[in-house]
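Below is one structure, written out as structure tokens, with a few remarks after it.
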Amino acid sequence: MYKLSSKPLISKAELSERVNSLAAEIAAAGEFDILLGILTGSFVFVADLVRAMPKANEKGMRVKFFKASSYGDSTESGTLTVSGMENLDLTGKRVLLVDDILDTGNTLYRLVPMLKERGAAVVKTCVLLDKPSRREAPIEADFVGFKIENKFVVGYGLDYADDYRTLPEIMTMEEV
Ligand code: 5GP
Ligand code: MG
């Protein structure tokens, strides 16, 4: 059994400040044709990030999502299921792949080559959170919001069995 922590791990103010500075770091690294968000956990982060990124032109950057899930109703990693990538034309595109959290690394490690197979010229990765102590696959994200300890986190789009996504702060789940 898990229960929600009483205090946030990352507050609203900290999230907002870091998302703004991360958007500036990404912009300084060059332009991207398309931002690809991984559903469902990245939806809040992507919404805040794109509004903090300076527009390269009046059209801005394209934003698309596809679904990748490696978690069922538990906090243990399982098999990766991908859907919604079928109709993505990435030929010659500079892609920014955005996820909520980099944990074992198995998800991004498998997704990056899939995007290159679909013709992407460049694939850079961006995650809000990184748990380096849990890494299994040899991958680091190009842009990282916060490095955190090995705790299961929810809120700001992240779930526990599909709950808690709408909490405005990053909270931890504690075993009871
Ligand atoms: P990885 O493949 O790097 O192990 O896992 C990436 C995915 O696992 C993330 O996109 C996220 O959906 C899920 N995940 C990993 N750690 C956490 C966590 O602490 N909280 C939540 N809610 N999801 C997590
Ligand atoms: Mg995910």
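Structure notes:
- Karplus-derived 3J(HN,Hα), 6.51/-1.76/1.60, for each residue of region 139-147, Hz, glycine and proline x: 8, 10, 7, 6, 10, 10, x, 9, 8
- Near residue 15: Cβ cut-off under 10 Å, other residues only, Lys/Arg at +1 and Asp/Glu at -1. The net charge is -2.
- Taking every lysine pair in region 21-176 that is 8 or more places apart or spans two chains, those with Cα atoms closer than 20 Å amount to 16.
- Overall shape of region 30-116 was characterised from the C-alpha gyration tensor. The equivalent ellipsoid obtained from it has semi-axes of 24, 15, 11 Å, in decreasing order.
- Over the chain, dividing the summed -39,500 (n - 2.57) contributions of all DSSP H runs of at least 4 residues by the number of residues returns a 222 nm mean residue ellipticity of -7000 deg cm²/dmol.
- Per-residue 3J(HN,Hα) values for region 85-99, derived from phi via the Karplus relation 6.51 cos²θ - 1.76 cosθ + 1.60 with θ = phi - 60°, read 8, 3, 9, 8, 9, 10, 3, x, 8, 8, 10, 10, 8, 10, 10 Hz in sequence order (x marks Gly and Pro).
- Cα gyration tensor shape for region 1-70, rounded if a/c is under 1.5, else prolate or oblate: oblate
- Ratio of the Cα radius of gyration of region 79-176 to 2.2 N^0.38 Å, where N counts its residues: 1.17
- Neighbour cut-off at most 12 other Cβ (10 Å), DSSP loop, GluC sites (Glu not before Pro), region 92-170: 136, 149
- For the chain, convex hull volume per residue from C-alpha positions, Å³: 111 Å³
- A Cβ-based charge dipole, computed about the Cα centre of the chain with Lys and Arg at +1 and Asp and Glu at -1, lands at about 440 debye.
- When both region 92-114 and region 3-34 are represented by their alpha-carbon centers, they are found 17 Å apart.
- In this rough spin-label picture, where each label sits 7 Å from Cα along the Cβ direction, the residue 142-residue 13 distance is 3.3 nm.
- Relative contact order (%) - criterion: Cα under 8 Å, at least six apart; region: the chain: 27 percent
- Taking trypsin sites (Lys or Arg not before Pro) in DSSP loop states with no more than 11 other Cβ atoms inside 10 Å as exposed sites, the chain has its longest site-free stretch at 60-176.
- Rounded to 5, the percent of DSSP beta bridges in the chain classed as antiparallel: 35 percent
- Global size of region 131-176 as Cα Rg and Dmax, reported in angstrom: 12.1, 36
- Residue 56 sits among other residues whose Cβ lies under 12 Å from its own Cβ, and their net charge, with Lys and Arg +1 and Asp and Glu -1, is +1.
- The GluC sites (Glu not before Pro) of region 5-104 that DSSP puts in a loop, and whose beta carbon has at most 15 other beta carbons within 10 Å, are 31, 58, 76, 86.
All of the numbers you see were taken from the coordinates with simple rules; none came from a lab. Worth saying up front: this structure is predicted, and the values here are computed from it rather than measured. In this analysis, Cβ positions are derived from the backbone assuming ideal geometry, glycine residues included, and neighbour counts consider all displayed protein chains.
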